[in-house]
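Below: one structure, written as structure tokens.
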Amino acid sequence: MRDMMIQYGRKRIEFRLLYSARKTLAIDVHPDLSVVVTAPKDAEDCAVEKKMHKRAAWIVQQQRFFENYLPSIPPRRYVSGETHRYLGRQYRLRIHEGDEDVVKMSRGQINVLLIDPSNKARIKTLVVGWLRQRAEAVFRDLFDGMVAKAERHGITAEDFEIRRMRNRWGSCTTEGRILLNPDLIIAPKQCIEYVIVHELCHLKEHNHSPAFYRLLQVLMPDWEQRRERLNGSVVEDIA
Ligand SMILES: [Zn+2]
């Protein structure tokens with residue numbers, strides 16, 4: 001593992017280079033804007049740098065995406081008209097006076113009804129709580145759907161837990177639980193499902209070994225497209 005960088009115009013792109021048994025080069029841009037490159041063991045630095053230059057514009061574009069859309073960066077203000085992402089779509093926040101404090105979704109809008117619409121802290125609590133409830137319901141649905149399939153391939157999963165993690169979408173514990181970042185609720189369902197399956201595979205294969213990718217491939221043949229959509233990651237053939 002090494003930290004490297006390339007110069008792209010006036011921008012420095014720093015990245016962490018890892019080696020694996022894979023034959024292709026994978027570039028991942030993470031939500032914390034860090035860039036991780038996984039290369040075949042025998043890849044030469046100049047070949048890696050060449051690929052990074054070729055993908056530099058795309059990397060910067062992915063970083064911009066995370067800067068603009070991840071709800072934690074920049075912080076949301078919870079005011080009427082602000083856009084929020086939910087399951088891969090943009091919704092506009094609307095604040096209304098109502099008889100009770102409640103969040104309702106309709107036609108491209110997240111409507112927050114509350115007794116005192118000037119109470120900004122209350123608006124945030126309602127929206128965050130609503131998104132959390134939606135995350136619990138959506139993750140539950142997708143997790144239950146995948147667990148039966150995973151079990152047929154020798155994976156034993158306890159359950160999942162929602163946990164805020166600074167720079168990752170998912171993780172797993174030695175006790176067989178998978179951890180999901182609540183911010184995943186911004187992503188399309190097919191991408192959330194990919195994170196769940198990726199972590200389920202780690203319960204059996206702990207590293208990103210060839211056996212891990214074989215298992216992932218069996219459980220989710222189109223995982224690469226899903227990952228690309230979620231993470232801003234791309235796979236390149238390397239000479
Ligand atoms: Zn992994």
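Within the stretch 209-219, the set of residues being within 11 Å of the ligand (Cβ to nearest atom) and either among the basic types (Lys, Arg) or modelled with pLDDT of 95 or more (or both) comprises Leu216 only.
Residue-level check: of (1) closer than 18 Å to Pro210 by Cα; (2) in contact with a Phe, Trp or Tyr (Cβ under 9 Å, 6 or more places away or on another chain), Leu25 misses just (2). The number of residues in the stretch 187-208 being within 14 Å of the ligand (Cβ to nearest atom) and under 21 Å from Glu151 (Cβ atoms) comes to 13. Checked against the criterion of being hydroxyl-bearing (Ser, Thr, Tyr) and either under 21 Å from Arg164 (Cβ atoms) or touching a Gly at 6+ places or on another chain (Cβ under 7 Å) (or both), the candidates Ser80, Ser106, Ser34, Ser20 yield just one match: Ser34. Restricting the first member to the stretch 201-222 and to residues that are under 18 Å from Thr38 (Cα atoms), and the second to residues that are more than 12 Å from the ligand (Cβ to nearest atom) and not in a helix (DSSP H, G or I), the beta-carbon pairs closer than 8 Å and six or more apart or on different chains are Ser209/Ala21; Pro210/Ala21; Pro210/Arg22; Tyr213/Arg22. Listed conditions (1) surrounded by 14 or more Cβ atoms within 10 Å (Cβ to Cβ); (2) at pLDDT 95 or above; (3) part of a helix (DSSP H, G or I) are all met by His198, apart from (2). Scanning the stretch 149-186 for residues that are within 18 Å of Leu230 (Cβ to Cβ), of a type in the set (A, V, I, L, M) and either modelled with pLDDT under 90 or within 16 Å of the ligand (Cβ to nearest atom) (or both) yields Met165, Ile178, Leu179, Leu180, Leu184, Ile186.
Here is a yes/no grid of residues against (1) within 16 Å of the ligand (Cβ to nearest atom); (2) touching a residue at least 12 places away in the same chain (Cβ under 8 Å); (3) of a type outside the set (Ser, Thr, Tyr); (4) not in a strand (DSSP E or B):
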residue	(1), (2), (3), (4)
Val79	no, yes, yes, yes
Leu113	no, yes, yes, no
Ser118	no, no, no, yes
Ala121	no, no, yes, yes
Leu131	no, yes, yes, yes
Ala135	no, yes, yes, yes
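The values are calculated or read from the model by the stated rules, or taken from the named source; none is laboratory data. Bear in mind that the values here come from a model prediction, so they are computed numbers and not experimental data. For neighbour counting, all protein chains shown are included, and Cβ atoms are generated from backbone atoms with ideal geometry for every residue, glycine included.
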